[in-house]
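J.: The structure's right below; bear with me while I get my questions together.
The values are calculated or read from the model by the stated rules, or taken from the named source; none is laboratory data. Because the structure is predicted, anything quoted here is derived from the model rather than measured. Every residue, glycine as well, gets a Cβ built from its backbone with ideal geometry; the counts of neighbours run over all protein chains shown.
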Amino acid sequence: MPYIEFRDVSKVYKTGSIDLRALDGLDLYIEKGELCVIVGQSGAGKTTLLNILGGMDTLTSGSIYLEGREISKLKTGELARFRRENVGFVFQFYNLIPNLTAYENVEMAAQLVKDPIDCDLLMNEVGLAARKSNFPAQLSGGEQQRVAIARAIAKNPKLLLCDEPTGALDYQTGKSILKLLQSLSVTKGMTVVIITHNSALTAMADRVITLKNGTVTSNLVNLNPVNIDEIEW
Amino acid sequence: MSSYWKTVFRTIRESLPRFLAIFAIIALGVGFFAGLKMTSPSFYKTADRYTEEYRLYDFKLLSTIGFDDDDIESLSKVQGVQSVEGAVYQDAILLCGDTSSTVRIHTITSTVNQLELTAGRMPQSPDEIVIDGYKNDAGMIGKTLTLSQENTAECIDTVRPHEFTVVGLVRSPMYMNFQRGTTDAGSGAIDYYAYVQKDSLDADYYTEAYVYCNTGLFIYSDEYKDWAAKEQDILEAAVKDIIDVRFDSVMDDSSQELSDGIDEFNEQREDAYSELEDARETLETAYGDITDSQRQIDDGRAQLEDAGDELEAARVRLEETDNQLKSTKATLDSASSQLDSTESQLEAAKAQLDSTVAQLSSGQSAIDDARSQLEAARTQTDGAIAALNDSITGLSGKIAELGAEIDAADADPSALPADTDAMKANLAQLQLQLQSLEDNLNTAKAGQQELAAQQSALDDSQSTLDSGKAAYEDALAQYNSGSARYSAAKAAYESGLAQYSSGLEQYNEGLDAYNSGVAEYNQNAAELDSAQDKVDSAFKDYYDGRHDYFAGVCKYETEISEAFRMNIAYGCQQLDNIERPDTYVLGRDKNVGYVCFDNDAKIVDGVASVFPVFFFAIAALVCSTTMSRMVADERGHIGTMRALGFSESAIIMKYVVYSGAASVLGCVLGYIGGIKLFPWVIWEVYAMMYGFADISFANEAWMFIMSFAISLVCTVGVTVVTCVTELNGMPAELIRPKTPAAGKRILLERITFIWKRMKFLYKVSARNVFRFKKRMMMMIVGIAGCTALLITAFGLYDSICNVVGNQYDRIMKFDIDCTFAGSYNAEGIKEAANEANHNYGKDFRYAVAEYDTAHNDGGGFIRDVGIYVADGSDVEGIFGLENFYTGDSEKWPADGEVAISSKLAEKNNVRAGDNITLTYGDDSRQIVLRVAYVFKNYTYHYCFMTPATYEAAFGQSYDPSDLLVMMNDSTVSPYDYARYLTNNYNLKSCIITNDERESFSATMEKMNYVIILVVSCAAALAFIVLFNLNNINITERIREIATLKVMGFYRKETGSYVFRENVILVLLGYLTGIPLGFALHRFVMSQIEMDMVIYDVRIAPQSFAYALVLVLLFSAIADMAMHRRIDRIDMAESLKSIE
């Protein structure tokens, strides 16, 4: 039983007479602890897929299983709980709470769950121990993203979903972020799913899923994932 | 349609809530502004229309001699006058069943003061009546009103029909408000007015004349006032002339009448006088005759008297003689008997003397015998004694010898006892012998003594006898002299007896002569008596005649003087005293209802000045935030448009159209709704005092234009400004999302003590509150405004609701105020109260007082002042007097000072110790009173004083006719009690304070409209502000909220995240609103001040609680809507990156 499984998942947007099929009978599976990278062109449905996986959106048909549990059938409240306890999100544009310090942003997530990871520890891990009391506006993009990652991890989720985490960052910063994500996957055994349209990053993944027009065109396991440091683009 | 316009409409559709928010707040603001501002003009318009339609008089003319038809005719020719009509009024007590009311009955005038018929029909005959439609309901139609017997005679004469049938209800423009005025009749206050045909009231003159000028000038306007001032002068001059002319002619007539009267008087006087003279002469003659006769009789009487005297003397003499004879006889008789007794005495004496002689001799012989016996015995005894003495002597010697022998024997021992014994025995024997001898001697001595005694006894006897002899000798001598006397006396008696006999004869002769003389005398006396009787009756006739004469003189005098006094002197005096008549021209500004209406309309204007500004300020704030928000939201769009090359104006136009459309719609609807709703509601509230017509809505172009302009400025103006500001930025900047507001530390964080203890999410909320300053301000201002409105609304209610309760629970505690007919004095009234108490088995406290009215014009407003005159101790407990300034309880004022109510004091600017002036009576004299203290009072104006003060200051005697009864007992209804009094006693009127309370609670019900209106507005304000803010809030932080949802915040948690901030802001707004509410409340209270009411300006503690509850309720409702909005946030959409 795969850790994550999509079965014939479709997401259709109906506007007037036009049907927009963001996902079209999509099937995929991801195993536990994998660093999975999902690639595809713009409009392929990557974000939609991630959103539905993360319980942020609903599908039109099909079913999704996480650890054998059909999450596609969950109602809004249950979905919220699902998200709370199981999923950590990292967005392209960080989406930190501007009114809270870096530490507090992480704390915000931590106080949601029963056994969070210690915030100070996290801050150290992301290398921002010195910037704990700064507001997001006082942090650089990379720092903000790191805070976002810390926030996502603070809940000790099973699943870490990242939507173009390095999209707004420069090369070096992006690399360090990815390094962090990689190490999380390795050290903590978190299932990390990263969406990107940078195909160079597929080298670091354990699994690469390619989307096109709302369907999975390939689902490849990478037996020798490369350390991000060694990847250049 | 071009795509441009498509965007506009689409935008409107898409952001309908925002559009509606702007629309609503503008509508509200304009509605309030225009509505309130137009209320006063609507009032004026209504009144203007009404007074024009029903031709309210422009002037009321009065003169001290009334008006007649000629006067009216002349008046109608005066410049400016369109029509003038005379009218009569009479105040009367009318009974409808058991209820008695004091009614002012007017005659109907056709060209001025026209009546509006609200039910039934107008009178068609003199005994039909139409009554005040404001104070009565249609149920009165068909009822009969009877003229009460309590009315004055003058009233009863004036009102021709004594029974009226009510045929309709009317409204008179002369009575625009609820006040009906005061009067001398009945209870002193007029209950309602009524109209009848001219013939129903019998009067020689019109009591007043009403002038209508049909100026067409707007009511209360300056033009009207100017015109009225001028016209008043014209009329005053004209009326004075007209009245003077009439007065002079009347005076001439009267003078003529008077001199005619005087002539007649003199004529009659002459006739009467001559009659009396004749009578007097007759009497004098009669008198002369009678006195002559009397004189004759008197002479006769004198003679008779002399004769009488003589007879009397004779009689006396005879009597004396008779007495003398009688006494002589008696003396003789007693002498005779005396002689007889003396004789017998003498004989007895003789006998006795003889016996005494015999006794004496026998006694002497006895004594002689005894004497000789005694001699013998003595001799014997003497001898015995001598013998005995010898014996004894001898024996004694023997004894002594023997004794000596014995002694010697005893001494001698040789002596033989037998010898001694024998000698002793011998001695003893001798001694015995001696003894017996001695005994004998004693006996003899005794015998000797006895003889001696006998001897002396005999001597005594002898002396007795000798004295007896002497006595006898005396007696004998006496007898002899006595005997001689007797003989002499006897001889005297004999001579006396002979004298007596001759005297007796003489006496009898004299007696006969006297008797004949007496008979003659009597005869003469009888003759004289009869003559006297004749004279007496003649006298009597004379006196009767004289009496009649004097009576005639008296009558003459009296009639003369009375006729003179009553008619002539009086008439002269009247004519002398007649003052030239006064005329008065009273404009509309002396009509109570007219003036009050103006004042009240001004009140509304005053209130209207604040609220609209308030609302418009809020509106401006809301609009500005909304539009700036919108523009901010669309910055990307704007940037794109700019980038595409659209001109600034084209871009701005969209938003201008958007906000303009909302604003115009809001303005129009708000205006139309507002100018109808507000005036109508407020008119309804005022209907309790007025209600003379349905409201006519005023509509002024300038108001609309101004409202329009302001709304546009608030919306479109703001939009343009915001747009321009945004557009100043480069397109590229615009396209990029705006950096969200940075986080900042807040002050509270520095208070680490509290900050550490706060829960994490609360810290977030605390920071968020201060994060968006504009939003914070708006929320606080909006909620503060809402709170202020609520507090004001509830405060209004609190201030007004207790007025009547306080007045009648704390100050005037009596439940009934009955006015008794004038025939009752204080004692009578108290008895009535006792009787009534007894009847109900209760002991209700009561007091007797006098009620009077006066006027006061402090502060430029003429007001009625009710005066209660009573004894302090009597009314204690019935009036609760609290000092207005200190709050201490006070007693009834002492003599020489008065207590006045607080409003009265305030308007006249007087305090304790100052003086206050009242105008009193028909002659409007000024009465100055010293104020002892000012008491707390809520309705009307009052002045309290003692009877002494009243009498001194007003020059009226204290004549209490009011009974104040304090019941405080739910088992007996004051209505029953009052009815009992009405049925059993002669009452002019009976006022139950409960009626006052009830009519006031009807008023309070109307107040509820106002409260509801204000609360609704407050609610609307709160909702608009809250919805709008929530909307903006969420829109601004949509990413943030979406992130939370993604993080797994539950629905409630997400909601609370925003909700918490709202609660804090609402509370802050509430707290800010409290002082604002205080101020607003105070302002409104000061604006709605009415002269005769003092409101208890206060806000009850629970009102603050109500306001808080409502504010929280509003925010809760708003937040509930917000929750739904948050629910609908699509995480995916919100968090979409810009691709």
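J.: Given the condition in contact with a strand residue (DSSP E or B) (Cβ under 8 Å, 6 or more places away or on another chain), of a type outside the set (G, A, S) and surrounded by fewer than 23 Cβ atoms within 10 Å (Cβ to Cβ), answer yes or no: does some residue in the range A:226-233 qualify?
T.: no
J.: With respect to the numbered conditions (1) of a type in the set (A, V, I, L, M); (2) assigned to a helix (DSSP H, G or I); (3) more than 14 Å from chain A (Cβ to nearest Cβ), which one is the sole condition not fulfilled by B:I1099?
T.: Going through (1) of a type in the set (A, V, I, L, M); (2) assigned to a helix (DSSP H, G or I); (3) more than 14 Å from chain A (Cβ to nearest Cβ) one by one, B:I1099 breaks only (2).
J.: Right, here's the next one. Answer with yes or no whether B:V103 is over 30 Å from the mean Cα position of the chain (by Cα) and crowded, with 20+ Cβ neighbours inside 10 Å.
T.: Answer is no for this residue.
J.: Which numbered condition trips up A:T60, out of (1) buried (at least 24 other Cβ atoms within 10 Å of the Cβ); (2) away from chain B (no Cβ under 11 Å)?
T.: The single condition A:T60 does not satisfy is (1).
J.: Continuing with the same structure: For the range B:966-1077, please list each of the helices (runs of 4 or more DSSP H) lying entirely inside it that holds at least 3 residues being over 30 Å from B:G877 (Cα atoms). Steps first, please.
T.: Numbers: elements: B:974-984, B:993-1036, B:1038-1047.
Result: B:993-1036, B:1038-1047.
J.: Say whether the condition of being out of contact with any helix residue (DSSP H, G or I) (no Cβ under 9 Å at 6 or more places or on another chain), among the hydroxyl-bearing types (S, T, Y) and in a helix (DSSP H, G or I) is met by at least one residue in the range B:9-18.
T.: no
Let's see how each residue does on (1) within 14 Å of chain B (Cβ to nearest Cβ); (2) without any contact (Cβ under 8 Å) to a residue 12 or more places away in the chain; (3) among the hydrophobic types (A, V, I, L, M, F, W, C):
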| residue | (1), (2), (3) |
| --- | --- |
| A:G54 | yes, no, no |
| A:L74 | yes, no, yes |
| A:E78 | yes, yes, no |
| A:F82 | yes, no, yes |
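J.: Charged (D, E, K, R) and at pLDDT 85 or above, is that true of B:R810? Step through it out loud before you land on a result.
T.: Numbers: charged (D, E, K, R): yes; at pLDDT 85 or above: yes.
Answer is yes for this residue.
J.: Inspect the range A:135-157 for any residue being more than 7 Å from chain B (Cβ to nearest Cβ), in a loop (DSSP other than H, G, I, E, B) and among the charged types (D, E, K, R) and give the result as yes or no.
T.: Scanning the range A:135-157 turns up at least one residue that is more than 7 Å from chain B (Cβ to nearest Cβ), in a loop (DSSP other than H, G, I, E, B) and among the charged types (D, E, K, R).
J.: Could you please find all residues in the range B:85-108 being hydroxyl-bearing (S, T, Y) and under 16 Å from B:K135 (Cα atoms)? Step through it out loud before you land on a result.
T.: To start, the set of residues in the range B:85-108 that are hydroxyl-bearing (S, T, Y) comprises B:89, B:99-102, B:107.
B:T99, B:S100, B:S101, B:T102 - these are the residues of the range B:85-108 that are hydroxyl-bearing (S, T, Y) and under 16 Å from B:K135 (Cα atoms).
J.: Name the one entry in B:I927, B:I916 that is more than 30 Å from B:S63 (Cβ to Cβ), over 17 Å from the mean Cα position of the chain (by Cα) and part of a strand (DSSP E or B).
T.: Numbers: B:I927 fails: more than 30 Å from B:S63 (Cβ to Cβ).
B:I916 is the lone residue from the list that is more than 30 Å from B:S63 (Cβ to Cβ), over 17 Å from the mean Cα position of the chain (by Cα) and part of a strand (DSSP E or B).
J.: Looking for something farther than 21 Å from B:G691 by Cβ and either touching a Ser or Thr at 6+ places or on another chain (Cβ under 6 Å) or not in a helix (DSSP H, G or I) (or both) - is there at least one such residue anywhere in the range B:611-627?
T.: Within the range B:611-627, one or more residues are farther than 21 Å from B:G691 by Cβ and either touching a Ser or Thr at 6+ places or on another chain (Cβ under 6 Å) or not in a helix (DSSP H, G or I) (or both).
J.: Filter the range B:813-849 down to residues that are within 22 Å of B:T971 (Cβ to Cβ), surrounded by 20 or more Cβ atoms within 10 Å (Cβ to Cβ) and in contact with a Gly (Cβ under 8 Å, 6 or more places away or on another chain), then give me how many there are.
T.: Number of matching residues: 0.
J.: Tally time: how many residues in the range B:189-204 are in contact with a strand residue (DSSP E or B) (Cβ under 6 Å, 6 or more places away or on another chain) and outside any strand (DSSP E or B)?
T.: The total comes to 3.
J.: When the residues of the range B:1045-1059 are narrowed to those that are within 8 Å of another protein chain (Cβ to nearest Cβ) and without any contact (Cβ under 8 Å) to a residue 60 or more places away in the chain, which ends up surrounded by the fewest Cβ atoms within 10 Å (Cβ to Cβ)?
T.: B:Y1050
J.: Return yes when A:I177 is in a helix (DSSP H, G or I) and either crowded, with 23+ Cβ neighbours inside 10 Å or among the charged types (D, E, K, R) (or both) and no when it is not.
T.: Numbers: in a helix (DSSP H, G or I): yes; either crowded, with 23+ Cβ neighbours inside 10 Å or among the charged types (D, E, K, R) (or both): yes.
It is true that A:I177 is in a helix (DSSP H, G or I) and either crowded, with 23+ Cβ neighbours inside 10 Å or among the charged types (D, E, K, R) (or both).
J.: Scan the range B:734-752 and tell me whether some residue there is modelled with pLDDT of 75 or more, in a helix (DSSP H, G or I) and either buried (at least 19 other Cβ atoms within 10 Å of the Cβ) or more than 10 Å from every other protein chain (Cβ to nearest Cβ) (or both).
T.: yes
J.: Tally up the residues in the range B:188-207 that are at pLDDT 90 or above and surrounded by fewer than 21 Cβ atoms within 10 Å (Cβ to Cβ), please.
T.: Number satisfying all stated conditions: 2.
J.: Among the residues of the range A:6-28, count how many are under 16 Å from A:G45 (Cα atoms) and either surrounded by 13 or more Cβ atoms within 10 Å (Cβ to Cβ) or out of contact with any strand residue (DSSP E or B) (no Cβ under 6 Å at 6 or more places or on another chain) (or both).
T.: 16
J.: Tally time: how many residues in the range A:86-111 are in a loop (DSSP other than H, G, I, E, B) and more than 7 Å from every other protein chain (Cβ to nearest Cβ)?
T.: Total meeting the criteria: 3.
J.: Looking at (1) at the interface with chain B (Cβ under 7 Å from one of its Cβ atoms); (2) within 24 Å of B:R1051 (Cβ to Cβ), which is the only condition A:D115 fails?
T.: (1)
J.: In addition: Between a residue in the range B:87-111 that is of a type in the set (F, W, Y) and any residue that is part of a strand (DSSP E or B), which pairs come within a Cβ distance under 6 Å, given they are 6 or more apart or on different chains?
T.: Close Cβ pairs satisfying both conditions: B:Y89/B:R104; B:Y89/B:H106.
J.: Something else: Here is a list of conditions, (1) surrounded by fewer than 20 Cβ atoms within 10 Å (Cβ to Cβ); (2) at pLDDT 90 or above, and B:F935 meets all of them except one; can you say which number that is?
T.: The failed condition is (1).
J.: Can I ask one more? Identify, from the list B:R55, B:R49, B:R13, the residue that is on the phi > 0 side of the Ramachandran plot, basic (K, R) and surrounded by fewer than 23 Cβ atoms within 10 Å (Cβ to Cβ). Spell out how you get there, then give the answer.
T.: Numbers: B:R49 fails: on the phi > 0 side of the Ramachandran plot; B:R13 fails: on the phi > 0 side of the Ramachandran plot.
Every option except B:R55 fails the conditions.
J.: Can you tell which of B:S221, B:S249, B:S274, B:S293 is at pLDDT below 90 and surrounded by 13 or more Cβ atoms within 10 Å (Cβ to Cβ)?
T.: Checking each option against the conditions leaves just B:S293.
J.: From the list B:A766, B:A793, which residue is surrounded by 23 or more Cβ atoms within 10 Å (Cβ to Cβ) and touching a helix residue (DSSP H, G or I) at 6+ places or on another chain (Cβ under 8 Å)?
T.: B:A793
J.: Something else about it: Give all pairs with beta carbons closer than 8 Å in which a residue from the range B:1108-1134 that is away from chain A (no Cβ under 14 Å) and surrounded by fewer than 18 Cβ atoms within 10 Å (Cβ to Cβ) meets a residue that is assigned to a helix (DSSP H, G or I) and among the aliphatic types (A, V, I, L, M); count only pairs at least 6 apart in sequence or on separate chains.
T.: B:L1112/B:V1066
J.: Going through the range B:1058-1104 one residue at a time, which ones are of a type in the set (A, V, I, L, M) and under 43 Å from the mean Cα position of the chain (by Cα)? Give the steps one after another, and end with the answer.
T.: Residues of the range B:1058-1104 of a type in the set (A, V, I, L, M): B:1058, B:1063-1068, B:1071, B:1074, B:1076, B:1079-1080, B:1084-1085, B:1088, B:1090, B:1092-1094, B:1097, B:1099-1100.
B:A1079, B:L1080, B:V1084, B:M1085, B:I1088, B:M1090, B:M1092, B:V1093, B:I1094, B:V1097, B:I1099, B:A1100, listed by residue number.
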